[in-house]
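Down below is the structure, laid out as structure tokens.
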Amino acid sequence: MKYFIASDIHGSAYWCRKTLEAYEKSGAERLIILGDILYHGPRNDLPRDYAPKEVIEMLNPLKNKIWAVRGNCEAEVDQMVLKFPVLADYAILVLNGHTIFATHGHVFNEVNLPPLSDGDVLLHGHTHLINAEKMEKDGISFYHLNPGSTSIPKGGNPNSYAIIDGDIFSIYDFEGNVLKSINLLRD
């Protein structure tokens, strides 16, 4: 099965629209959002077409297709306006036989690992930097995946999203180019 992953929309109506267009085109079963949906945060400049109310209007109709975790910019007021859960600090997903610890990344990340077993996947946003690699830390071999940011990329990266299709995790720019890819069984 195919899953679409986005992170760090930060209230950008423009990039939310582009994300939903890419999601629809992908044919993915679910949209996984790794936090920081509505607010841009005090450390970021305003993203293009900052309009949180428009983002709400675009995402709420998809409430039965979205799985989301809380970012460091989410607050209880966000849950009052969004019709899908956004306040869980993490989700443990089993997708295509892979155990995935999905979180925003401000608490658990490659430096501060959550409880993982060999071969598990740590999936997070927060840094706005793309990543897809196999890592080893504290005697655990795991996959570290980050789709980057849809609206405020950093480190010279383009605006991006990711797709998990079977065993393949790929990060794309909004022109459809693969930026990075990893096989979760072999790499």
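No value in this document is a laboratory result; all are computed from the given coordinates. Computed from a predicted model, the values in this text were never measured in an experiment. Here the Cβ positions follow ideal geometry from the backbone for every residue, glycine too, while neighbour counts run over all protein chains shown.
Taking 14 Å as the cut-off, the amide N atoms of segment 84-119 that come nearer than this to a point 7 Å along the Cα-to-beta-carbon line of ASN60 belong to 84-85.
Over segment 76-187, the alpha carbon radius of gyration divided by the compact-protein estimate 2.2 N^0.38 Å works out to 1.08.
Summed over qualifying helices (DSSP H, 4 residues or more, each -39500 (n - 2.57)) and divided by its residue number, the chain shows a 222 nm mean residue ellipticity of -4500 deg cm²/dmol.
Pairs from the list LYS53/LYS154; LYS134/LYS180; LYS63/LYS180; LYS25/LYS154 with a Cα-Cα gap above 21 Å: LYS53/LYS154; LYS63/LYS180; LYS25/LYS154. Our note on the geometry: Cα centres of segment 1-61 and segment 123-181, 16 Å apart. On full extension, the segment bounded by SER117 and SER181 gains 20.9 nm, given 0.36 nm per residue less the C-alpha separation. Angle of helix 13-26 to the longest C-alpha principal axis of the chain, folded into 0 to 90 degrees and rounded to 10: 50°. Principal axis analysis of the Cα atoms in segment 101-143 yields extents of 26, 18, 15 Å, listed in decreasing size. Amide H contacts for ILE168 (H built 1.01 Å from N in the peptide plane; partners 5 or more residues away or on another chain; cut-off under 5 Å): LEU184. Measuring nothing but alpha carbons in the chain and taking Rh as the Kirkwood radius, the Rg to Rh ratio lands at 0.94. Just checking the listed ones, ASP138, ASP173, ASP36: in the Gaussian network model of the chain with Cα springs under 10 Å, the one fluctuating most is ASP138.
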